[in-house]
Every structure is written in structure tokens, then in C-alpha cells.
Amino acid sequence: VTCTADLTLTFTAVDECSDVDVTLQLDANYDVAQGFRPDNAAALGVGITLTNNGDGSYSIRATNVPVGEHAIRIRAADGCGNFDVEILEFCVTPDKAPTPICIQTLTVTLMPNGQGGGMAAIWATDFIASDVFDCFGNLIDKYSIYTEEEAGVAGFTPVAGRLGIDLDCEVVNQDVPVRVYAVADNGSADYCSVIVQVQAFQDGVCGEAGPNLTGTIATRTDRAMANVAVTLTGEGGAMDETVLTDAAGQFNFVDLTMGADYTVQPEYAVAVNVQDVKTSDIVKIANVILGAEDFTSPYDYLAADVDQNRNLNVLDLVAIQRVILGLDANYATGESWGFVPADVDVSNPYAAAFPEVYNANDLTGSILDADFVAFAYGDVVGNGRSTASIEAADAQLEAGQTHTMEIRSTELAGFQGTIELAAGLELVTASYAGEGAINLNRAGDGLVAVALRGADA
């Protein structure tokens with residue numbers, strides 16, 4: 001782990017008439033050409049001990065020896081002033097293979113391959129649970145993956161760069177044993193054994209079923225749209241099926257007829273969410289109409305055109321304001337959400353009426369990318385709006401008294417909300433300056449809806 005080794009070296013030193021006195025020296029960077037140059041072993045952190053085995057043999061125990069070329073000079077002397085010197089060369093090589101730390105079991109799903117079968121790709125890095133390092137502290141970033149069938153043969157040697165393998169219907173519903181190798185820069189490698197559980201995306205993927213048509217519905221900010229009703233029609237009127245998108249915004253139609261024509265149409269039949277469409281959207285749209293601002297996305301132009309006449313004007317503002325005030329539950333078109341196929345170019349949003357359907361003609365195989373971009377009509381600001389708190393002083397009224405509450409600010413671009421009157425209070429009159437409207441339809445219930453633009457209210 002620390003790129004050091006503990007090792008034992010042996011030698012013999014004998015004398016026919018006296019005991020042998022042995023001394024040791026270490027050269028931690030031995031170079032034959034430069035000759036032996038002794039080092040202070042203790043200063044290098046290397047421990048060297050000598051053991052007399054009693055039969056003329058000796059054992060040198062060296063600990064914490066670093067990677068590299070080394071030598072120990074052995075001097076053996078008798079009691080008469082005679083001595084001999086030998087140099088014992090050795091090296092320490094960092095060939096300990098790194099062992100990857102792996103997730104033991106993963107499940108992969110075979111997706112339709114468009115040819116009546118299924119396919120899934122798995123990657124070596126999918127199984128790595130945490131980083132491993134070589135003994136020098138370098139991050140191991142080379143991995144390879146093989147099935148046990150490939151790697152379990154005698155003499156097999158992994159090669160760095162086999163990043164992934166493909167699985168198909170031959171192993172559907174099976175547990176496939178796999179080896180994931182970590183490979184060091186010097187080529188040494190070790191592996192972990194893992195299991196891949198293979199399943200099909202749906203019934204028929206690995207059978208004789210027909211092609212599938214699959215897609216995802218998400219906003220331009222990649223927020224998945226769940227519970228969108230997606231209808232598939234085609235086959236000369238024989239096909240009319242509706243499914244709901246799942247939590248990931250995906251829909252799927254299976255076992256279709258090769259060569260037939262199909263149309264995919266999403267619909268999200270919900271009332272306008274006034275938590276998403278606010279006065280700040282009206283302010284933004286008004287500034288765009290006046291030329292003071294631009295939208296950041298062409299999809300915002302489509303979202304702002306709530307009457308869908310490809311013309312952004314004050315009538316769109318009025319329609320949004322009526323919804324915010326509760327005067328209308330939805331726009332005149334009856335649609336609160338719009339959908340455009342993801343492969344349609346909307347860079348010139350008002351040039352033509354964009355299709356809200358995906359057409360697949362003469363189906364030749366599975367289609368896995370019938371995707372749509374969704375947008376809420378009237379919502380052009382999204383989460384990029386700022387708010388401020390407004391406080392009013394308390395007032396205690398006696399019977400017959402009136403009280404005027406005035407809201408005024410030079411910092412607000414708009415004001416939206418519902419003012420609720422406490423029991424026993426009656427609205428006498430309400431007025432505003434600037435642009436906007438007040439909904440007094442429920443004033444008798446003590447509820448006054450307000451949607452204003454400008455500095456004063």
C-alpha cells in the first residue's frame with residue numbers, strides 16, 4: 001500500500017578456526033556503474049536486522065524498503081584480521097495490482113433495438129463503488145470489463161480500455177457474472193466479480209413482437225412531465241390508444257405494425273396553475289411587446305401567445321390577467337399546455353403553426369426518441385421571479401367606521417394576490433392606478449383578487 005516492502009535475504013559466512021564478525025551497510029539507490037555508496041538506513045526509515053542461524057547461515061531482515069534498486073554490502077571478518085566483502089543486489093518492484101471496490105449487483109434493462117430484439121450497454125465504471133489508488137497515491141482511472149465467460153480462461157490478460165460490453169436477448173432474465181478490472185500504469189491488474197441481472201424493458205422485446213414507439217415529454221429546462229395523456233392513432237383507424245407518461249415523462253407503445261402510419265399527440269387537460277402563471281409573467285410579456293426585453297428561449301414566445309394566433313399583443317396579456325384574477329378558468333383555446341416535437345426547429349416561433357403531434361410514416365422499426373418539449377401557456381418567467389413582502393398596520397374598527405388600506409411601492413414591477421376581509425367587514429370601494437384589474441365577483445364573500453402592473457395600487 002505504501003510502496004515499500006519487507007523482505008528477507010540469506011547468506012553464509014564461515015571460518016574454520018574462529019567466529020565470524022558480520023557488519024552490514026545499505027545503498028538505497030544502488031548503481032553498479034557508480035559503485036556502492038552507503039546510506040544511513042535509519043534516516044531513510046529502513047530497518048535492517050541480522051540473525052545468526054547458528055549453522056554458518058545468516059538472515060537479513062529489511063523492512064520498509066522503498067521501490068527501487070538496492071544493495072547490501074556484507075563484511076565478514078575472523079579473529080585474525082582477515083575479512084571478505086560481498087555485495088548483495090536486490091530490487092523492490094511496485095507490481096501489486098490495485099483491487100477495485102465494486103457494487104456487487106446491478107440490474108440492466110434491454111431496450112428495443114429496432115430489429116425485433118433488445119440491447120443494453122453496461123460500463124465498467126457503473127460498478128465502481130469508490131476510488132482506489134496505487135501505492136504512490138495515484139488515482140486508478142483505467143478500468144476494463146469482461147464477462148466471466150471471456151475472462152475465465154487460462155492465461156487471460158485484461159487490457160485497459162475495454163470500457164463497456166453489450167448484452168442482448170441471449171441473456172435476458174439471467175444473472176450474468178462479470179469481472180471488472182482495475183489496471184495500474186505498469187499494466188498490473190486485479191478484478192472484482194460482480195453480477196448483472198438482465199431484464200427486458202417490457203414483454204415482447206425479445207420475442208416476435210412488432211416495433212415500439214417510445215418518447216419523453218419534458219419542459220425546455222428538462223423537467224419531466226408526468227401524467228400527460230399521450231394518444232397514438234394510426235393503422236388506418238384501427239389504432240387509438242392513450243397512455244399516461246410516468247414520473248420520468250416517458251410513454252411507450254408496443255407491438256406496432258411494420259409499415260403502418262402513426263400519429264402521437266400529447267394532451268395535458270388541466271386548468272391554468274396560477275402558481276406558475278403570475279403577474280411577473282405579464283410584466284415580462286409587456287416588456288417584450290414594448291421592445292424593452294427579449295425572451296431567453298423561442299419556446300417562451302410560444303408560451304406567451306396564449307390565443308395561439310402567432311401574434312403577441314395586448315390581447316394575450318388580457319387573457320392571462322383574466323385567468324390570474326379567476327375570471328376565466330382557462331384560455332379561450334381551452335389549452336393550458338402546449339407541446340412541440342423536440343426535433344422541430346422553433347428558432348422562428350411565429351413563422352408558421354408548429355405541429356403538436358409526432359408523425360411516424362411507414363414504420364420500419366422501433367422509434368425510441370419521439371420526444372416532445374412542453375410549455376405552460378402564460379409562463380415565461382418560470383422560477384426566475386423575485387418577490388417582496390408587503391405589510392400593513394393593524395386597524396381596529398367600530399361599527400359604521402371605514403378604513404382605507406393603500407398599497408404603494410416604487411420597487412415592485414407588479415402586484416398579485418387575493419385580499420381577504422375578516423368577518424363583519426364589507427368592501428365599500430376599490431380602485432387602482434397603473435395597468436391591471438381587480439376582480440370584485442366575490443367581494444360579497446370578502447375576497448378581492450388583484451393583478452396589477454406598475455408602481456401604484
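How much accessible area per residue does the chain have, counting only protein heavy atoms and a probe of 1.4 Å, in square angstrom? Let's see the in-between values first.
On the way: 25600 Å² over 457 residues.
I get 56 Å² per residue for the chain.
Dipole of the chain computed with +1 at Lys/Arg Cβ and -1 at Asp/Glu Cβ about the Cα centre; of Gly424, Ile320, Thr231, farthest Cα towards the positive end is Gly424. Taking the structure as given and computing mean projected area of the Cα convex hull in nm², which label from (i) 35.4; (ii) 42.5; (iii) 25.7 fits? Computed from the coordinates, mean projected area of the Cα convex hull in nm² corresponds to (ii).
Whenever you get a sec, line up Thr221, Thr51 from highest to lowest accessible area (probe 1.4 Å, protein heavy atoms).
Thr221, Thr51
A straight chain from Val22 to Met258 at 0.36 nm per residue would run longer than the Cα-Cα distance by 76.0 nm. Count charges around Asp31 for me, please; just the other residues with Cβ under 12 Å from its Cβ, Lys/Arg as +1, Asp/Glu as -1. For residues surrounding Asp31, the net value is -2.
Cysteine residues of the chain whose C-beta has no other cysteine C-beta under 4.7 angstrom: Cys17, Cys80, Cys91.
Within a straight-line Cα-Cα reach of under 30 Å, Lys142 can be paired with the following lysines, leaving aside sequence neighbours fewer than 8 residues apart in one chain: Lys96. From its DSSP helices (H runs of at least four residues, each -39,500 (n - 2.57)), the chain gives a residue-normalised ellipticity at 222 nm of -2000 deg cm²/dmol. Using a Förster radius of 51 Å, what is the FRET efficiency between Ala226 and Ile87 based on their Cβ-Cβ separation? Nearest 0.05, please. E between Ala226 and Ile87, to the nearest 0.05, is 0.10.
In percent, what relative contact order does the chain have, based on Cα pairs under 8 Å that are 6 or more apart in sequence? Could the numbers behind the result be given before it?
Working: 938 pairs, mean separation 50.2, N = 457.
That works out to 11 percent.
Could you order the peptides 332-345, 16-29 from most to least packed, using the average number of other C-beta atoms within 10 Å per residue?
Values: 332-345: 16.5, 16-29: 14.3.
The densest-packed peptide leads the list: 332-345, 16-29.
Here Lys284 is the anchor, and the aspartates and glutamates within straight C-alpha reach of less than 16 Å, apart from those fewer than 8 places off in the same chain, are Asp276, Glu293, Asp294, Asp300, Asp305, Asp316, Asp379, Glu411, Glu435.
Sorting the segments 210-220, 135-145, 74-84 by their mean number of nearby beta carbons within 10 angstrom, highest to lowest, gives 210-220, 135-145, 74-84.
When the solvent-accessible area of the chain is split by element, carbon and sulfur atoms take up 47 percent of it, the probe being 1.4 Å.
Can you check what the net charge comes to around Glu69, using other residues whose Cβ is under 10 Å from the Cβ of Glu69 (Lys, Arg +1; Asp, Glu -1)?
Details: positive: none; negative: Asp27, Asp31, Glu89.
Every neighbour counted, the sum reads -3.
Dividing the alpha-carbon radius of gyration of the range 19-115 by the rule-of-thumb value 2.2 N^0.38 Å gives 1.94.
The values are calculated or read from the model by the stated rules, or taken from the named source; none is laboratory data. What you see is a predicted model; the values in this text were computed from it and never measured. Counting neighbours? That spans all protein chains shown, and the Cβs are built from the backbone with ideal geometry, glycine included. What goes into the accessible areas is simple: the full protein's heavy atoms, side chains included, and nothing from ligands, DNA or RNA. Shrake-Rupley method; radii C 1.70, N 1.55, O 1.52, S 1.80 Å.
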